[in-house]
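Here's the structure, in structure tokens; my notes come after.
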Amino acid sequence: FFYFIVLPTSITTMRLSTLLLLALAPLQTNAFAPQPMTTSSVNAAVQSSTSLQMGPPQADVVLQETYGEGSRKYRRTVYTHNEWVKHRSSDRFLRNLSSIFNSGVYKSLAKEVLATTAVATFLVIFNGLTGGYTDLDGVQHDAVINALPMLTLPLTPFTLLSPSLGLLLVFRTNSSYGRWDEARKFWGLNINHTRDLNRMATAWYGHDGIPVDPEKRAEDLRQVSLMTWAFVRSMKRHLSPPDEDEDAYIMELNSRLAPSQAEAIASATHRPNRALYDLSVAIDKLPMHFMRKNEINKNLSIFEDTLGGSERLLSSPVPLFYTRHTARFLSTWLLLLPFAMYDPFKGSWNHVAEIPAIALASVFLFGIEELATQLEEPFTILPMQGFCDKIGANCDEIVSWRGQGLDEKSVVEEKMEAMAPLL
């Protein structure tokens with residue numbers, strides 16, 4: 001492939017190749033890396049009604065699930081130490097090359113690659129008929145059709161346009177990756193500040209020195225934990241396709257919340273806002289100093305920011321005129337490329353080596369644009385259900401520590417002595 005593509009081109013084209021490789025560099029992320037399905041992960045998927053299978057689709061799934069929209073749920077990968085070891089292993093290149101025909105990204109490009117390959121095939125046959133051809137015995141034959149000219153284009157326009165196309169693809173991929181990265185950071189903030197909120201609520205519960213009813217404290221903090229989970233779960237539903245998540249969302253609300261709470265959130269026009277309001281009410285009911293409540297409520301403002309930022313990403317794509325121009329530029333460039341590459345392949349039998357070379361070039365260049373398109377809407381490839389389950393489990397664990405280290409008699413007496421001069 002490189003013999004046929006690189007050698008006939010100029011230094012400018014070789015620089016373009018380097019530029020395109022740099023454009024691909026930021027895309028080596030876990031969003032598209034396959035995760036092996038261990039026994040424990042399979043069991044976890046069975047136990048949770050809303051857990052979607054992570055990693056590459058299994059052999060028994062329907063064809064529509066292996067590429068395009070159906071494959072997006074298999075890209076919600078979460079890495080642990082074992083996955084990172086495999087990700088940077090020395091045999092990763094061979095493993096990735098061996099799975100090239102199973103790639104969902106490349107399967108999605110079948111029509112585009114078929115079109116450019118068909119043009120190259122037609123050109124080889126047509127020019128063989130109009131300009132002469134060589135048979136299998138190596139005998140040269142004259143043109144079969146003398147009335148029509150051979151179809152070729154000079155390579156210079158493609159060489160001059162290559163840097164511009166490279167810059168368009170670089171911007172396209174970088175902007176899409178930036179959107180994915182921003183969405184992941186929003187959920188990272190959710191994870192961090194839900195822990196922070198529940199930690200402060202659990203540790204600061206009650207006024208200093210005032211006896212606390214353990215049962216009331218357990219119920220109050222349980223409500224804080226539940227409402228925290230309800231917010232992130234409602235945010236996940238808000239950012240997910242309705243046909244994928246609605247039934248599971250309603251089922252989870254009814255299984256964890258009181259019927260009236262579940263109904264109030266499910267019937268709201270903007271469910272995350274309603275869940276965040278209920279969380280504010282649960283925090284306001286906690287018996288603690290208002291200064292401490294103010295510190296806890298700062299986390300809720302951050303939740304509003306992550307929700308609003310996520311809605312911005314979901315509703316505002318990369319400007320459509322830029323996306324469309326890039327797609328048109330790339331499509332036109334690749335569809336006409338066979339005409340310019342016909343003469344450079346004269347060293348092969350009847351120029352036939354041009355066909356696989358154009359096919360490979362189409363796969364890789366269309367693949368860059370396809371990756372950018374897949375990353376542009378990040379939420380259906382982020383493991384948001386896993387984030388919600390993690391947040392719920394962490395919050396439940398934090399509030400279960402209530403009173404530890406605070407209810408001992410010595411601690412209470414020390415606080416009462418500190419308050420004595422103020423009484």
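The values are calculated or read from the model by the stated rules, or taken from the named source; none is laboratory data. Source: prediction; values computed, not measured. Cβ placement follows ideal geometry from the backbone for every residue including glycine, while neighbour counts extend to all protein chains displayed. In case anyone asks, the SASA skips ligands and DNA or RNA and just uses the protein heavy atoms, side chains included. Shrake-Rupley method; radii C 1.70, N 1.55, O 1.52, S 1.80 Å.
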Accessible-area value, Met288, 1.4 Å probe, nucleic acids and ligands omitted, Å²: 10
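Taking only protein heavy atoms into account and a 1.4 Å probe, give the accessible area per residue of the stretch 309-409 in Å².
On the way: 4360 Å² over 101 residues.
Normalised by residue count, the accessible surface of the stretch 309-409 is 43 Å².
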Anisotropy class of the stretch 221-309 from Cα gyration tensor, a/c 1.5 cut: oblate
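Any idea of the accessible area per residue across the stretch 132-218, 1.4 Å probe, to the nearest Å²? Write out the running numbers ahead of the final one.
Working: 4770 Å² over 87 residues.
Computed with neighbouring chains in place, this is 55 Å² per residue.
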Part-to-part distance (alpha-carbon centres) for the stretch 181-233 and the stretch 146-163, which is given in Å: 66
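How many percent of the alpha carbon pairs in the stretch 258-335 exceed a separation of 14 Å?
Values: 2241 of 3003 pairs.
Across the stretch 258-335, Cα pairs with separations above 14 Å total 75 percent.
Net charge within 12 Å of Leu169 by Cβ-Cβ distance, Lys/Arg positive one each and Asp/Glu negative one each, not counting Leu169 itself? Mind showing how you got there, number by number?
Numbers: positive: Arg172; negative: Glu369, Glu370.
Around Leu169, the surrounding residues sum to -1.
If I compute solvent accessible area with a 1.4 Å probe over the protein chains, what percent of it on the stretch 126-255 is carbon and sulfur?
On the way: 3740 of 6230 Å².
With neighbouring chains kept in place, the figure for the stretch 126-255 is 60 percent.
What net charge is computed for the residues neighbouring Gln374, neighbours being all others with C-beta under 13 Å from the C-beta of Gln374, Lys and Arg scored +1, Asp and Glu -1?
Numbers: positive: Arg72, Lys73, Arg75, Arg76, Lys107, Arg172, Arg179; negative: Glu69, Glu369, Glu370, Glu376, Glu377.
Around Gln374, the surrounding residues sum to +2.
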Radius 11 Å from Cβ of Glu219, net charge of other residues (Lys, Arg +1; Asp, Glu -1): +2
